[in-house]
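Encoded as structure tokens, the structure appears first; notes follow it.
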Amino acid sequence: PAPPHRCQAAAWRRIPAVKETDYAANLRSMIEKSKELGAKNTLLLTLCTPGNYARRAKSVAKHNQAMFFNGQGYLVNELPNIQAGKLHPEIVKTMQESYGTDLQQNSLFYVTSDGCHPNELGHRLVTEKLAELITKSGML
């Protein structure tokens with residue numbers, strides 16, 4: 001895996017590319033379009049999404065009978081299990097050997113490449129959880 005970027009993720013100033021109201025309207029439009037095309041259900045996934053936008057996505061999903069998954073929150077919540085070697089220990093061991101101090105300084109590097117965007121392990125965990133959610137929901 002590629003080494004984490006030595007950026008100051010916590011210090012980034014996030015400037016939204018889309019106003020929150022437009023973001024919500026875009027999500028509603030995608031849900032409507034998926035229904036028009038015959039989707040049984042729609043799932044909204046947030047990753048690397050500021051908190052107010054993730055909350056807005058959750059609200060849009062709820063009000064439009066869509067599923068919602070906060071992938072970013074899920075990854076953060078799984079960090080203790082990852083660090084304890086309970087999830088994909090082979091990947092974690094390789095990461096610890098390669099990035100030791102970076103992982104100690106910022107535990108988000110276990111699941112992200114830059115403190116935000118998922119890395120190999122982050123993608124794998126989100127994919128596994130999405131497969132579980134989709135299977136349980138009967139979407140397939």
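The values are calculated or read from the model by the stated rules, or taken from the named source; none is laboratory data. Quick caveat: nothing in here was measured; it's all calculated off a predicted structure. When we count neighbours, we look across all protein chains shown, and the Cβ atoms used for this are built from the backbone with ideal geometry, even at glycine. Note: areas computed on protein heavy atoms with side chains; ligands, DNA, RNA excluded. Shrake-Rupley method; radii C 1.70, N 1.55, O 1.52, S 1.80 Å.
Miscellaneous remarks
- Every condition in (1) in contact (Cβ under 8 Å) with a residue 24 or more places away in the chain; (2) open to solvent by 70 Å² or more (accessible area, probe 1.4 Å); (3) of a type in the set (Ser, Thr, Tyr) holds for Ser137 except the one numbered (2).
- Verdict on Leu27 being within 21 Å of Lys136 (Cβ to Cβ), open to solvent by less than 80 Å² (accessible area, probe 1.4 Å) and at pLDDT 95 or above: no
- Residue check for Val92: touching a Gly at 6+ places or on another chain (Cβ under 8 Å) and in contact (Cβ under 8 Å) with a residue 24 or more places away in the chain: yes
- Qualifying positions in segment 112-131 - open to solvent by less than 20 Å² (accessible area, probe 1.4 Å) and part of a helix (DSSP H, G or I): Leu121, Gly122, Leu125, Val126
- Residue list for segment 56-71, restricted to those being touching a residue at least 40 places away in the same chain (Cβ under 8 Å) and either assigned to a helix (DSSP H, G or I) or open to solvent by 70 Å² or more (accessible area, probe 1.4 Å) (or both): Gly71
- Pairs, first aromatic (Phe, Trp, Tyr) in segment 14-43, second in a loop (DSSP other than H, G, I, E, B), C-beta under 9 Å, six or more apart: Tyr23/Pro16
- Among the residues listed as Leu87, Leu44, the single one being more than 26 Å from Glu20 (Cα to Cα), open to solvent by less than 70 Å² (accessible area, probe 1.4 Å) and among the aliphatic types (A, V, I, L, M): Leu87
- Qualifying residue in segment 1-12 (condition: surrounded by fewer than 15 Cβ atoms within 10 Å (Cβ to Cβ), among the polar types (S, T, N, Q) and modelled with pLDDT under 95): yes
- Residues of segment 72-104 that are of a type in the set (Asp, Glu) and not in a helix (DSSP H, G or I): none at all.
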